[in-house]
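Taken together, the values in this text are just the output of simple stated rules run on the coordinates, not laboratory data. Just so you know, these numbers come straight off a predicted model, no measurement behind them. Cβ placement follows ideal geometry from the backbone for every residue including glycine, while neighbour counts extend to all protein chains displayed.
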Amino acid sequence: MLRLWRKIRATGRVAEPAPVAPAAGPSTAEFSGSVQFRHVDAGSCNGCEIEIGAAFGPVYDAERYGARLVASPRHADALLVTGPVTRNMAEPLRRTFEAVPQPRVVVAVGDCARNCGVFAEAYGVAGPVRDVVPVDVEVAGCPPRPEAIVDAVRSLTGR
């Protein structure tokens, strides 16, 4: 308790200083620090979904950087797409992309979304996300760590 009191008297604060904001990413100025994401599972194994849940959960808390998951593409500013695009999901992904109002951003989360990962050359896979819709940000990893997802979110929010 005495150390805490000395720290408050010496620095005037208890908490650590705020982290340095990342460099501005694509379309940062257009979103003004707040981005609504619609998540689309285009055919993943659910490993990336678990990490997205962790990134938006209480530990990593992506919402403190102005990111929020929404249920409708009409309310979204960006798409978080996971998994290789299966043949059955190619058209729904295109339609979801078209339903997001302009300006819109697409974030490909995980190696499968970036280059089909372990599902490359599989019979039911149409290709990576960039073959179906234009991708602005890619998050590497199988599955990507929650910190990497939060960094991608921060690159969009500018916070």
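Place a +1 charge on the Cβ of each Lys and Arg in the range 42-110 and a -1 charge on the Cβ of each Asp and Glu, then give the dipole magnitude about the Cα centre in debye, rounded to the nearest 20.
For the range 42-110, the charge dipole is close to 240 debye.
Want the number for Glu98 to Val118: 0.36 nm per residue separation, take away the alpha-carbon distance, what's left?
Full-extension gain reported as 4.4 nm.
With labels modelled as points extended 7 Å from the Cα through the Cβ direction, what inter-label distance (nm, one decimal) is found for Val70 paired with Ala140?
Going from the Val70 label point to the Ala140 one covers 3.2 nm.
Among bridges DSSP assigns within the range 33-157, what percent are antiparallel (round to 5)?
Percentage antiparallel, nearest 5: 10.
Arranged from highest to lowest average of other beta-carbon atoms within 10 Å per residue, in what order do the peptides 124-133, 104-113 appear?
My ranking of the peptides, most packed first, is 104-113, 124-133.
Based on the alpha-carbon gyration tensor of the range 59-154 and its eigenvalue square roots a ≥ b ≥ c, which shape applies: rounded if a/c is under 1.5, prolate if not and a/b is larger than b/c, or oblate? Please list the in-between numbers first.
Values: a/c = 2.33, a/b = 1.23, b/c = 1.89.
Because a/c hits 1.5 or more and a/b fails to exceed b/c, the range 59-154 counts as oblate.
For the range 106-159, just say rounded, prolate or oblate: build the C-alpha gyration tensor, square-root its eigenvalues into a ≥ b ≥ c, call rounded for a/c under 1.5, and beyond that prolate if a/b exceeds b/c, oblate if not. Working shown, then result.
Numbers: a/c = 4.68, a/b = 1.77, b/c = 2.65.
The shape class here is oblate.
Taking the Cβ of Pro73 as the center, what net charge do the other residues with Cβ under 12 Å away carry, scoring Lys and Arg +1 and Asp and Glu -1? Before the final figure, lay out the partial values.
Details: positive: Arg38, Arg74, Arg94, Arg95, Arg104; negative: Asp77, Glu98.
Cβ neighbours under 12 Å give a net charge of +3.
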